[in-house]
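The block underneath contains the structure these notes are about, expressed in structure tokens.
The values are calculated or read from the model by the stated rules, or taken from the named source; none is laboratory data. Note that the coordinates shown come from a computational prediction; the quantities given were computed from them, not determined experimentally. Positions of Cβ are backbone-derived with ideal geometry, glycine not excepted, and every protein chain shown enters the neighbour counts.
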């Protein structure tokens, strides 16, 4: 219990300090907030202790919610390590920055601390109520980070994000109510409950939808390319490196992996994942903002993870290996992609000084890892994933040969990022040596941590330095370089193809968010249809209105009966409702007290 307290007490103390800093004198507020923001990065490091030396027993807090349970199991440990490292670096980029706006810095640090608490609790939650509350806290805290700049771009991105988050929350909550009603609150019992539930298909659809929003699954990915360029670099790093992994873990925790083959929904998830993995390369390659390109790279990598999880649904015998491979890949991607998002800011700040080449080298190492170059963390993640899916019994789909091509797409996108950064002229004021040092430390950690976890914490065999294994890591990158060079040559040479490609790169065919426009149009069309139908029902009146009213009431009673078991469990937690209100109020009060004074 001491290790759990050490994990949660420091960030909670700083968060509540920021919350109530507005109660101090006007003279003391700036210094107090700056001090708390500078202290915030250190509060994420205690989580490394229970991750490295997990408690023999999980925590059980009977009075909180429905009896909060926490467990640092094998899936949670690696992800907690990544969250601790990433949030440390992101908060350092905020709190240790020189000449920063103290109040706004404190607001952003507060939102990221709240997101961190929700994020790590999602990883270690052992019951559905705790998982859902943590998932919601993380989601809504991220809204505050995305809208932080209050620019027109940030406002629009935050609107799209919050709408998608509400869709996610409603879907996840609906699925969890049905799961809890069938099997009780323990997450360990959820996969079997989903597999045996009479509405199994509906629950799986809700889980794919709800967690798919966070995991960037097509066509639910539209918030990612909008949120990343709008959010501060520190927020982008944890969004891409840690928060989206909550959706991936949600699938691993709740989908019926290993409980029997589910061909229908397994193929649905596999198709959506592969479409996202490859389509994101096409759309991302024509973007003009490096952070947007990196966002599409994240969508592609999340598609890779989704495909591996889908194999676990299709082949129960492969489920365990697929789950472990997904976690290893998530660890690798989290640190490497977080380093790249923060590296964009580092490059813009230090490109004209003596730190130019060290920053370029650090970004090159992280980019090589994302692409899966030999001896990098990406090579480890791709190797164990390929091994996990190679026995998939679908003859017409050689997935173990298809997944390496995602590395080809990653290479193309990363070359595009390098070209865009090289062309930029504007330079920003450096954040100072502590900020730079924190980021520089992230690159070697991105190489070492996934390998240590892969060798010592995960029951999978790491790759050996054999020529065939090395070649499997090299050829997808070489193919990506060849394609990128060929396209560059076509643009410089001209002709109808080169001119068309140059036009697409200058004025992108796909705006950030790509299918958001059609989705908005379809949503408005459905809304108009519903309003017209409602008007006609109201106009009809009389017997029709009575019949509709009776039908609605009958349906409502049926829903109440269906979720009665779950509702009974919620009824015994009246006191815990106050705790939920306090946690939600924390997020709102950060804006009102800290940002508004």
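So for the range 385-396 (the condition being buried (at least 21 other Cβ atoms within 10 Å of the Cβ), closer than 30 Å to residue 94 by Cα and assigned by the TED database to the domain that holds residue 236), does at least one residue qualify? No; the residues of the range 385-396 include none that is buried (at least 21 other Cβ atoms within 10 Å of the Cβ), closer than 30 Å to residue 94 by Cα and assigned by the TED database to the domain that holds residue 236.
Does the range 11-20 contain any residue that is under 30 Å from residue 324 (Cβ atoms) and either assigned by the TED database to the domain that holds residue 96 or not in a helix (DSSP H, G or I) (or both)? Yes, the range 11-20 has at least one match.
Being crowded, with 23+ Cβ neighbours inside 10 Å, within 29 Å of residue 333 (Cα to Cα) and assigned by the TED database to the domain that holds residue 432 is a description that applies to residue 69. When the criteria are applied in full, residue 476 meets the requirement of being surrounded by 10 or more Cβ atoms within 10 Å (Cβ to Cβ) and at pLDDT 85 or above. Scanning the range 274-290 for residues that are crowded, with 23+ Cβ neighbours inside 10 Å and under 19 Å from the mean Cα position of the chain (by Cα) yields 276, 277, 280, 281, 284, 290.
Residues checked against (1) free of Cβ contacts under 8 Å to residues at least 12 places away in the same chain; (2) farther than 19 Å from residue 470 by Cα; (3) under 22 Å from the mean Cα position of the chain (by Cα):
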{"position": "379", "(1), (2), (3)": "no, no, yes"}
{"position": "392", "(1), (2), (3)": "no, yes, no"}
{"position": "400", "(1), (2), (3)": "no, no, no"}
{"position": "424", "(1), (2), (3)": "no, yes, no"}
{"position": "435", "(1), (2), (3)": "no, yes, no"}
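Residues in the range 445-470 that are free of Cβ contacts under 8 Å to residues at least 12 places away in the same chain and within 21 Å of residue 48 (Cα to Cα): 448, 452, 455, 456. Given the criteria surrounded by fewer than 19 Cβ atoms within 10 Å (Cβ to Cβ) and at pLDDT below 90, does residue 402 qualify? Taking the combined requirement at face value, the residue satisfies it. Can you tell me which residues in the range 348-374 are surrounded by fewer than 24 Cβ atoms within 10 Å (Cβ to Cβ) and closer than 22 Å to residue 300 by Cβ? Within the range 348-374, 363, 364, 365, 368, 373, 374 qualify.
With the condition kept exactly as written, say whether any residue in the range 122-145 is closer than 21 Å to residue 343 by Cα and buried (at least 24 other Cβ atoms within 10 Å of the Cβ). The answer is yes; a qualifying residue exists. Just one of the numbered conditions (1) buried (at least 19 other Cβ atoms within 10 Å of the Cβ); (2) at pLDDT 85 or above is not true of residue 431: (2). Set side by side, the residues 79, 39 differ, and just one is surrounded by fewer than 24 Cβ atoms within 10 Å (Cβ to Cβ), out of contact with any strand residue (DSSP E or B) (no Cβ under 6 Å at 6 or more places or on another chain) and modelled with pLDDT of 90 or more, which is 39.
Being part of a helix (DSSP H, G or I) and at pLDDT below 90 is the requirement here; does residue 441 meet it? Considered against the rule, which asks whether it is part of a helix (DSSP H, G or I) and at pLDDT below 90, residue 441 comes out as yes. With respect to (1) surrounded by 12 or more Cβ atoms within 10 Å (Cβ to Cβ); (2) more than 28 Å from residue 400 (Cα to Cα), the lone exception for residue 422 is condition (1). Residue count for the range 325-370 under the criterion of being outside any helix (DSSP H, G or I) and over 19 Å from residue 234 (Cα atoms): the result is 4. When we screen 238, 281 for residues that are within 19 Å of residue 416 (Cα to Cα), in contact with a helix residue (DSSP H, G or I) (Cβ under 7 Å, 6 or more places away or on another chain) and in a helix (DSSP H, G or I), the only hit is 281.
Kindly provide the set of residues from the range 250-265 that are farther than 20 Å from residue 168 by Cα and in a helix (DSSP H, G or I), ordered by number. Hits for the range 250-265 are 263, 264.
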